[in-house]
Amino acid sequence: MPFASTSLSALKNMKTCGANPKRRHHVLPQLYLKGFMIPSDEPHLWVYKSGQPFHPGYGRTTDNPFKQSVRLAGAERDFYADPLPGGSKDFDTFENILESLEKPADPIFRKLRASERIDEKEKLMFAQYIILTMRRVWSSREEMTRRVTQPGSYRPTDHLFRKLNVARTPETEANIMEAWERIVKTPGAAVQFHNRLAAASPDSFLVVALQKMRWIFYVAPAGYCFVTSDNPAWHPKIGLGKSIAELSFPISASIALVATWSKCANEGFTNATAQIVREVNRRTIHSTEKNVFASRAEEWIINMFNRQAYDYKPIFKTKEVYDVVKLVPDMPGSRGKLVWNLR
């Protein structure tokens, strides 16, 4: 895989902690946000908050939206700071790991924003970037925190027992559950789990599924724009394994990706209708955790942001709903393998 040389196990050994550790952690990469800058006022973009009326300006607390530079937008102090024994923190390691994983996609962004086609190798690398984005953001941290802190939310899988080479019995399961409860009570456990989940994203099964889908790059018509958010990679709650699933990912204010299993979809760049732009923006805004980012200050973004309900409407309709892919056990000790049903 393209990221094999920058795997988690290799990157964890990097010498990262210097005299001046990194404290501003970019949850959304600056290069990504540059695609949504205000054309007449670079390097700024508009940052929207939910629950407040439309009042554009420069005040972060008084205006909505407010202008902010891409250097500050999408960043949070110490977000990937990894808790260490004794109460100290490693500020650099996971910020550096995620930066190393995102950088190979930089030239692909430049090609796509220039409406240039990408090859299969680049498609795989960009799929890895999208899943990395999905896993590194605030909403993923919130979900990990919920899973870690919610009683009874964890149950060991058969894969774990195979990996440990022990039989699954009520006693061994109880022992593992007891160990798990001790681990999750450790201060900072959710942050540690989330950091490692994000860093391992290139090896996710979702990457393989996304690469196999058909990719359509929609170009917004004159007068319309795509927006992005702090959780830009959207897919329905059913995941990517169903035939009706789609994934949306804004690439810039003028271009957005929609991945689909539909055989009716023609891969490549195509002009979007106003309806498609609205649908992609609805998905993006609906999945937002904190902020929407846009190149324009327009009231419809606030109105859509404050409207919480969203019903999934596939852009590519299909009559038959079936499992496109299933994960089945493989050899002992492995995670399993994907079995495809690409009709």
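The values are calculated or read from the model by the stated rules, or taken from the named source; none is laboratory data. Please read all numbers here as calculations on a predicted model, not as lab measurements. Note: ideal-geometry Cβ built from the backbone for every residue, glycine included; neighbour counts use all protein chains shown. With ligands, DNA and RNA removed, areas are computed over all heavy atoms of the protein, side chains included. Shrake-Rupley method; radii C 1.70, N 1.55, O 1.52, S 1.80 Å.
Would you mind getting the accessible area per residue of the chain, heavy atoms of the protein chains only, 1.4 Å probe, in Å²? Provide the component values of the computation, followed by the final result.
On the way: 17250 Å² over 343 residues.
I get 50 Å² per residue for this part.
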**Complete:** For residue 68, the residues 5 or more places away or on another chain with a placed amide H closer than 5 Å to its own amide H are 45, 47
**Request:** Report, to the nearest whole %, how much of the accessible area of the range 52-112 belongs to carbon and sulfur atoms, 1.4 Å probe, protein only.
**Result:** 54
**Prompt:** So what's the projected area for the range 170-257, the Cα convex hull averaged over all directions, in nm²?
**Reply:** 8.9
**Request:** Compute the label zone of residue 327 within the range 190-215: residues whose backbone N is under 18 Å from the point 7 Å along Cα-to-Cβ.
**Result:** 193-213
**Paramagnetic reach from residue 339 (point 7 Å along Cα→Cβ, amide N under 17 Å) across the range 302-322** = 322
**Leading residue at positive end of dipole, the chain (Cβ point charges), from 86, 53, 252** = 252
**Asked** Quick one: if you stick a label point 7 Å off each Cα along the C-beta vector at residue 308 and residue 34, how many nm between them?
**Response** 3.8
**Complete:** So the pair-distance distribution of the range 208-343, from every Cα-Cα distance in 5 Å bins, comes to percents of 2, 10, 19, 21, 17, 13, 9, 5, 3, 1, 0, 0
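Exactly which trypsin sites (Lys or Arg not before Pro) in the range 233-315 are in a DSSP loop and have at most 14 other Cβ atoms within 10 Å? Mind dumping the intermediate values first?
Values: sites: 237, 242, 263, 278, 282, 283, 290, 296, 307; in loops: 237, 263, 290, 296, 307.
For trypsin sites (Lys or Arg not before Pro) across the range 233-315 that sit outside H, G, I, E and B with at most 14 neighbouring Cβ atoms in 10 Å, the list reads 237, 263, 307.
Within the range 30-84, list the chymotrypsin sites (Phe, Trp or Tyr not before Pro) lying in a DSSP loop whose Cβ has at most 14 other Cβ atoms in a 10 Å radius.
Details: sites: 32, 36, 46, 48, 54, 58, 66, 79, 80; in loops: 54, 58, 79, 80.
Loop-located and lightly packed - 58.
Using Cα-Cα distances under 8 Å and only pairs 6 or more residues apart, what relative contact order does the chain have, in percent? Kindly include the intermediate steps, with their values, before the conclusion.
Working: 572 pairs, mean separation 68.3, N = 343.
Relative contact order here is 20 percent.
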**Cα centre as origin, Lys/Arg/Asp/Glu Cβ charges: the chain dipole, Debye** = 320
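Which order do 180, 138 take when ranked by solvent-accessible area (1.4 Å probe, heavy atoms of all protein chains), largest first?
Details: 180 45, 138 25 Å².
Output order, biggest surface exposure first: 180, 138.
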**Prompt:** Among 136, 146, 155, which one shows the biggest mean-square fluctuation in a GNM of the chain, springs joining Cα atoms closer than 10 Å?
**Reply:** 155
**Prompt:** Most fluctuating residue of 200, 167, 220 in a GNM of the chain with Cα springs under 10 Å: which is it?
**Reply:** 167
**Request:** Distance between Cα centroids, the range 294-320 to the range 186-226: provide it in whole Å.
**Result:** 19
**Asked** So what are the range 92-250's ellipsoid semi-axes, whole angstrom, largest first, if each one is the square root of 5 times an eigenvalue of the alpha-carbon gyration tensor?
**Response** 35, 17, 16
**Fill in**
Going residue by residue through the range 157-171, the Karplus relation 6.51 cos²θ - 1.76 cosθ + 1.60 with θ = phi - 60° gives ³J(HN,Hα) values, rounded to whole Hz and with x marking Gly or Pro, of 8, 4, 4, 5, 5, 5, 5, 7, 6, 10, 6, 7, 10, x, 5
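What pairs from 290/313; 67/103; 89/185; 163/290 go past 28 Å between their alpha carbons? Can you show the working numbers first?
Numbers: 290/313 23 Å; 67/103 26 Å; 89/185 17 Å; 163/290 39 Å.
Cα-Cα > 28 Å for 163/290; rest within.
If you average over every viewing direction, what projected area does the convex hull of the Cα atoms of the range 280-320 give, in nm²?
3.8
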**Message:** With loop defined by DSSP as not H, G, I, E or B, and exposure as at most 12 other Cβ atoms within 10 Å, which is the longest segment of the chain clear of exposed GluC sites (Glu not before Pro)?
**Reply:** 117-319
**Prompt:** Rounded to a whole number, what % of the accessible area of the range 277-333 do carbon and sulfur atoms account for, probe 1.4 Å?
**Reply:** 49
**Message:** Give me the percent of accessible area attributable to carbon and sulfur for the range 189-259, probe 1.4 angstrom.
**Reply:** 60
**Prompt:** How big is the equivalent ellipsoid of the range 109-202 along its three axes, where each semi-axis is √(5λ) from the Cα gyration tensor, reported in whole Å from largest to smallest?
**Reply:** 36, 18, 9
**Asked** What Rg and what Dmax come out for the chain when only alpha-carbon atoms are used, in angstroms?
**Response** 21.0, 65
